[in-house]
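Asker: Pasting a structure here, questions to come.
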Amino acid sequence: MDLAEKQTGDVNVLCVGGRLDAYSAAEAEKKIDSLISTGNAKIVLNLDNLEYISSSGLRVFLAQLKKARKQQGDIKLCCMKPNIKEVFDIAGFTQLFNIVGDESEAIAGFSA
Amino acid sequence: MLTPKSEYRRKLTTPERAVSSIQNGSTIVHGLAAAEPPALLQALADRVRSGELCDLKVHSLLPTENVSKSLLSPDISDCVQAFSWFVSKSSRSAVKVGLNYYVPNHFHQVPRLMRENLNIDVVVTMVSPMDKSGFFSFGTANDYTSTVARCCRRLIVEVNKNQPRVFGDSLLHISDVDAIVEHTSPLIEFKWPGPRAEDEAIGSLVANLVPDGATLQLGFGALPNMIARKLVDHKDLGVHTEVFGPAMVELIKKGVITGRRKNLHTGKHVFTVAEGTSRMYRFMHDNPSMESYPVSYTNDPAVIAGNDNMISINSIIQVDLLGQCNAESLGGSQYSGTGGQLDYVRGAYNSRGGKSILAFYSTAKNGQVSRVVPRLGSGAVITTPRMDVHYLVTEYGVVNLKGRSTRDRALDIMRIAHPRFRESLLREAENMYLL
């Protein structure tokens, strides 16, 4: 799994690539958790290069979404490939997250 | 000493209080299907949602909407590890993406598997109102619930006036209960798709295999229920079944099912779980002819074989040319479960005069896909091995595979495939050196 971080204003963008599975979920969790713990609870996850997500990855995203929202933040997802979107749909996660087409729309969502 | 009434009053509480002592990391088993207790499940889900409770392990079998909308809701799936011992419409999606884990089992072993392997903290289930002697009834769900209710650390029951009071080994004394809540709501109803054109032929072929005086087990789903409708001209049938369903009620009311010729529980209609309509649940209530027992008894192949002319009727998804039957997986994913299919396939064959029948439509997807395949696909699960298969029935005929060679059974199975697929199946059988 690849993780790359950048910041736009007060929004943190995390680009998640490769496979988010049982082996890599803890690393993703640690990264997102560290952002939220340091007060950066406005997060965009850019999933453009994400090839695969398992139930471990889904659980990490959900747990961190709750943490972010507790701090008046949010986790917005963007650039999902169709196979990743399908997993979210099947899991019933599409309704839980704010999912948009591209990164700029996700960032703009925080100032709406 | 407390009277049942005073003990009831002492244990009566609200759903919120009843679940308030449940700890993080608890293992919870809930009542099956129509015995899912909605108020308790909602109170538990509310505690999880509020952040008070996490790391729960929740065990279901055929989860329905009461649990899928509460404790198995996707928004708390980070705090609830879910296990399905039979996959239903409500859990299929979660199982497919690994948010709910299927537990392979033979249904008759589930009480033992849960008792010996789960270390159960809490059981929540629905029961019928208490009688004057202090007994509730497990009603529609005896199955494994009656066993785990007696070996868990804390048993919480939800009393529902619509839950039928059922006889047999279905009673639970108030002294075994830790907390009681009252919540009356309609029981979950089970409905199946309407009849298909092939049902007429399949129903008639199966009915011809059933002698007068036979004892029946009918599987769960549309086809077995349709088959029951073709049995209206039979005499003195009996019921020893896993799932009691609405079609059986009609046959009892018409005097077709009497149970008179059963060797075991003569005159009684024996089951372990009931899934049907409110009309059916009312029929069951306080009806001395209805007896439920734990699934470790009803589905024990040796007990099943105890009735002469035991006929088990179940459905499958597909069969290959070797005779291996898949009744539980679709496209490599877990679609349903083994349930009690093999319990009854083996028990019925061992009964004197008994038959095990696996019935299925010859095609799927509006006739585009054959359910008879040369080989089961990658990831397909064998529910009934070829050594166990007795009768197979489609709308094109009946075959008996017992004692048949690989060549003969391949030819027999092709004979009940849809004619459009027979030539390609024949070619594949040749490629497999079966002919």
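The values are calculated or read from the model by the stated rules, or taken from the named source; none is laboratory data. Just so it is clear, the structure is predicted and the values come from calculations on it, not from any experiment. FYI the Cβ positions are ideal-geometry reconstructions off the backbone, even for glycines, and counts take in every protein chain you see.
Asker: Within segment B:51-65, is there a residue that is assigned to a helix (DSSP H, G or I) and closer than 18 Å to B:V19 by Cα? Before the answer, list the steps.
Answerer: First, the residues of segment B:51-65 that are assigned to a helix (DSSP H, G or I): B:65.
Keeping just the survivors that are closer than 18 Å to B:V19 by Cα gives none.
No, every residue in segment B:51-65 fails to be assigned to a helix (DSSP H, G or I) and closer than 18 Å to B:V19 by Cα.
Asker: Take the residues of segment B:77-89 that are crowded, with 21+ Cβ neighbours inside 10 Å and outside any loop (DSSP other than H, G, I, E, B): which is farthest from the other protein chains (Cβ to nearest Cβ)?
Answerer: Top of the filtered list is B:S84.
Asker: With the requirement that a residue be of a type in the set (G, A, S), crowded, with 16+ Cβ neighbours inside 10 Å and within 11 Å of chain A (Cβ to nearest Cβ), what does segment B:48-72 give you?
Answerer: B:S68
Asker: Could you tell me whether B:I120 is over 21 Å from the mean Cα position of the chain (by Cα), surrounded by 17 or more Cβ atoms within 10 Å (Cβ to Cβ) and either not in a loop (DSSP other than H, G, I, E, B) or not hydrophobic (A, V, I, L, M, F, W, C) (or both)?
Answerer: In short, no.
Asker: Quick one: count up the residues across segment B:128-160 that are of a type in the set (F, W, Y) and surrounded by fewer than 19 Cβ atoms within 10 Å (Cβ to Cβ).
Answerer: In the first step, residues of segment B:128-160 are kept if they are of a type in the set (F, W, Y); the result is B:135-136, B:138, B:144.
Now restrict to residues that are surrounded by fewer than 19 Cβ atoms within 10 Å (Cβ to Cβ): B:135.
Residues that pass the stated criteria total 1.
Asker: Could you tell me whether segment B:401-424 includes any residue that is of a type in the set (V, I, T) and in a loop (DSSP other than H, G, I, E, B)?
Answerer: First pass over segment B:401-424, keeping only residues of a type in the set (V, I, T): B:406, B:413, B:416.
Filter once more, so that each one left must be in a loop (DSSP other than H, G, I, E, B): B:416.
Scanning segment B:401-424, I find at least one residue that is of a type in the set (V, I, T) and in a loop (DSSP other than H, G, I, E, B), so the answer is yes.
Asker: Can you work out which of the residues in segment A:1-36 that are at pLDDT 95 or above and of a type in the set (S, T, N, Q) is nearest to A:I84 (Cα to Cα)?
Answerer: Checked segment A:1-36; the qualifying residue nearest to A:I84 (Cα to Cα) is A:S24.
Asker: Could you grab me the full set of residues in segment B:225-273 that are among the β-branched types (V, I, T), assigned to a loop (DSSP other than H, G, I, E, B) and out of contact with any His (no Cβ under 6 Å at 6 or more places or on another chain)?
Answerer: Listed by number, the residues that qualify are B:V232, B:T241, B:T258, B:T266, B:T272.
Asker: When you go through A:Q7, A:Q72, A:Q95 one by one, which is the residue that is closer than 22 Å to B:D75 by Cα, polar (S, T, N, Q) and away from every other protein chain (no Cβ under 14 Å)?
Answerer: Details: A:Q7 fails: closer than 22 Å to B:D75 by Cα; A:Q95 fails: away from every other protein chain (no Cβ under 14 Å).
Sole residue among the options that is closer than 22 Å to B:D75 by Cα, polar (S, T, N, Q) and away from every other protein chain (no Cβ under 14 Å): A:Q72.
Asker: Could you tell me whether A:I84 is touching a residue at least 40 places away in the same chain (Cβ under 8 Å), buried (at least 17 other Cβ atoms within 10 Å of the Cβ), within 14 Å of chain B (Cβ to nearest Cβ) and out of contact with any Pro (no Cβ under 6 Å at 6 or more places or on another chain)?
Answerer: In short, no.
Asker: Here's another thing I want to ask about it. If you check A:I43 against the conditions, is it at pLDDT 95 or above and either within 26 Å of B:E52 (Cβ to Cβ) or more than 12 Å from the chain's Cα centre (by Cα) (or both)?
Answerer: In short, yes.
Asker: Of the residues that make up segment B:395-407, is at least one under 29 Å from B:S88 (Cβ atoms) and either under 21 Å from the mean Cα position of the chain (by Cα) or modelled with pLDDT of 95 or more (or both)?
Answerer: Of segment B:395-407, the ones under 29 Å from B:S88 (Cβ atoms) are B:395.
Filter again for either under 21 Å from the mean Cα position of the chain (by Cα) or modelled with pLDDT of 95 or more (or both), leaving B:395.
Yes, because at least one residue in segment B:395-407 is under 29 Å from B:S88 (Cβ atoms) and either under 21 Å from the mean Cα position of the chain (by Cα) or modelled with pLDDT of 95 or more (or both).
Asker: Let me ask something else. Need the failing condition index for B:L40 against (1) in a loop (DSSP other than H, G, I, E, B); (2) modelled with pLDDT of 95 or more; (3) crowded, with 18+ Cβ neighbours inside 10 Å, just the number.
Answerer: With (1) in a loop (DSSP other than H, G, I, E, B); (2) modelled with pLDDT of 95 or more; (3) crowded, with 18+ Cβ neighbours inside 10 Å applied to B:L40, the lone miss is (1).
Asker: Shifting gears a bit: Could you tell me which residue of segment B:273-302 is surrounded by the fewest Cβ atoms within 10 Å (Cβ to Cβ), considering only residues that are touching a Pro at 6+ places or on another chain (Cβ under 7 Å) and either of a type in the set (V, I, T) or within 16 Å of B:G238 (Cβ to Cβ) (or both)?
Answerer: Looking at the filtered set, the residue picked out is B:T277.
Asker: Condition check: farther than 23 Å from B:V97 by Cα, at pLDDT 95 or above, within 14 Å of chain B (Cβ to nearest Cβ) and in contact with a strand residue (DSSP E or B) (Cβ under 9 Å, 6 or more places away or on another chain). Does A:A106 satisfy that?
Answerer: Criteria not met by A:A106.
Asker: As an exercise: evaluate B:K254 against (1) buried (at least 19 other Cβ atoms within 10 Å of the Cβ); (2) more than 24 Å from B:N160 (Cβ to Cβ); (3) out of contact with any helix residue (DSSP H, G or I) (no Cβ under 7 Å at 6 or more places or on another chain); (4) not β-branched (V, I, T) and give the number of the one condition it does not meet.
Answerer: Every listed condition holds for B:K254 apart from (1).
Asker: How about segment B:90-110: which of its residues are surrounded by fewer than 23 Cβ atoms within 10 Å (Cβ to Cβ), more than 18 Å from B:V381 (Cα to Cα) and more than 13 Å from chain A (Cβ to nearest Cβ)?
Answerer: The one that is surrounded by fewer than 23 Cβ atoms within 10 Å (Cβ to Cβ), more than 18 Å from B:V381 (Cα to Cα) and more than 13 Å from chain A (Cβ to nearest Cβ): B:Q109.
Asker: Consider segment A:46-69. How many of its residues are away from chain B (no Cβ under 14 Å) and closer than 21 Å to B:L99 by Cα?
Answerer: Residues flagged as away from chain B (no Cβ under 14 Å) and closer than 21 Å to B:L99 by Cα within segment A:46-69 amount to 3.
Asker: Out of all the residues in segment B:181-189, is one or more part of a strand (DSSP E or B), more than 22 Å from the chain's Cα centre (by Cα) and in contact (Cβ under 8 Å) with a residue 60 or more places away in the chain?
Answerer: Applying the first criterion (part of a strand (DSSP E or B)) to segment B:181-189 yields B:181-182.
Remaining after also requiring more than 22 Å from the chain's Cα centre (by Cα): B:181-182.
Within this subset, residues satisfying the condition of being in contact (Cβ under 8 Å) with a residue 60 or more places away in the chain are B:181-182.
Yes, segment B:181-189 contains a residue that is part of a strand (DSSP E or B), more than 22 Å from the chain's Cα centre (by Cα) and in contact (Cβ under 8 Å) with a residue 60 or more places away in the chain.
Asker: Return only the number of the condition from (1) among the aromatic types (F, W, Y); (2) more than 24 Å from B:L434 (Cβ to Cβ); (3) surrounded by fewer than 21 Cβ atoms within 10 Å (Cβ to Cβ) that B:Y344 does not satisfy.
Answerer: Here B:Y344 clears every test but (3).
Asker: Just to be sure before I move on: is B:L216 within 23 Å of the chain's Cα centre (by Cα), more than 30 Å from B:Q42 (Cβ to Cβ), crowded, with 24+ Cβ neighbours inside 10 Å and in contact (Cβ under 8 Å) with a residue 40 or more places away in the chain in the structure I sent?
Answerer: Yes.
Asker: What pairs come out if I take residues in segment A:40-53 that are farther than 12 Å from A:A106 by Cα and pair them with residues that are among the small types (G, A, S) and outside any strand (DSSP E or B) whose C-beta lies under 6 Å away, six or more apart or interchain?
Answerer: As it stands, the answer is A:A41/A:A68; A:A41/A:G73, since those pairs meet every condition given.
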